[in-house]
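Asks: My questions all concern the structure below.
The values are calculated or read from the model by the stated rules, or taken from the named source; none is laboratory data. This is a predicted model, so every value here is computed, not measured. Backbone-built Cβ (ideal geometry, glycine too); neighbour counts: all protein chains shown. Heavy atoms of the whole protein, side chains included, go into the accessibility calculation; ligands, DNA and RNA do not. Shrake-Rupley method; radii C 1.70, N 1.55, O 1.52, S 1.80 Å.
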Amino acid sequence: MMLKKTRSIASAVLLCAVSASSWAAEHEIKMMNVGKMGTMVFEPGYLKVEPGDKVKFLATDPGHDTVSVHVPAGAEGWTGGINNEVTVTLDKEGVYIYKCNPHAVLAMVGVIQVGNATNLAEAQAAAKTLSATFATNKDRLDKYMAEVK
C-alpha cells in the first residue's frame, strides 16, 4: 500500500515538472542585413518574454553573431559565433541588451525584457554607453529601450 502511494506521488511530481517545462515558450529573433528598422538589424529589436522562455537567434543573413552586452545580476550572458544559430534560456527577470560584434558600430543591437524590468536603471546606463559607440542609427537602441515597461 505504501509503495503504491509513493509511486502515485512520484508520478504526480514528475507530471507537474514536465508540464511546467512545457509552458516555457520559444521565441525567434532574426539576424538580418535589412529589416523593418533599416540595415543591420535584429528583428524584432525589442522582445518581451517570461522567465524560463527560450530565445533562438536565427542566422537569417550571413555575417552576424549575437553577444550579450548587459544582463541582470545573476543571469548568464551568451556569445554566439558568426553565422551560428544560438538558443538561450532566460531565467532571470530584467533587461538584456545584446549586439552583433561585426555590426555593433552600425547599431545592430537588441533588447529583451524578461518579466519585470528589475534592472532598468543599470540597463539604461549600459544602453547609453553602447549608443555612444554607434556611427549610424544612433537612436535605435533608445527606441528599443523606450518599449521597456
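Asks: Across the stretch 36-58, what is the number of residues that are small (Gly, Ala, Ser) and surrounded by 18 or more Cβ atoms within 10 Å (Cβ to Cβ)?
Replies: The qualifying residues number 1.
Asks: Taking Asp91, is it charged (D, E, K, R) and either open to solvent by less than 60 Å² (accessible area, probe 1.4 Å) or touching an Asp or Glu at 6+ places or on another chain (Cβ under 9 Å) (or both)?
Replies: In short, yes.
Asks: Taking only the stretch 59-77 into account, find how many residues are touching an Asp or Glu at 6+ places or on another chain (Cβ under 9 Å) and crowded, with 17+ Cβ neighbours inside 10 Å.
Replies: The number of residues fulfilling the criteria is 5.
Asks: Please state which of the following conditions Ala121 fails to meet, knowing it meets all the rest: (1) of a type in the set (A, V, I, L, M, F, W, C); (2) touching a residue at least 40 places away in the same chain (Cβ under 8 Å); (3) open to solvent by 30 Å² or more (accessible area, probe 1.4 Å).
Replies: (2)
Asks: Conditions first: (1) in contact with a helix residue (DSSP H, G or I) (Cβ under 7 Å, 6 or more places away or on another chain); (2) free of Cβ contacts under 8 Å to residues at least 60 places away in the same chain; (3) surrounded by 13 or more Cβ atoms within 10 Å (Cβ to Cβ). Ala104 passes all but one, so which condition is the exception?
Replies: (1)
Asks: Of everything in the stretch 52-70, what is touching a Leu at 6+ places or on another chain (Cβ under 9 Å) and free of Cβ contacts under 8 Å to residues at least 40 places away in the same chain? Give them in sequence order.
Replies: Across the stretch 52-70, the qualifying residues are Gly52, Lys54.
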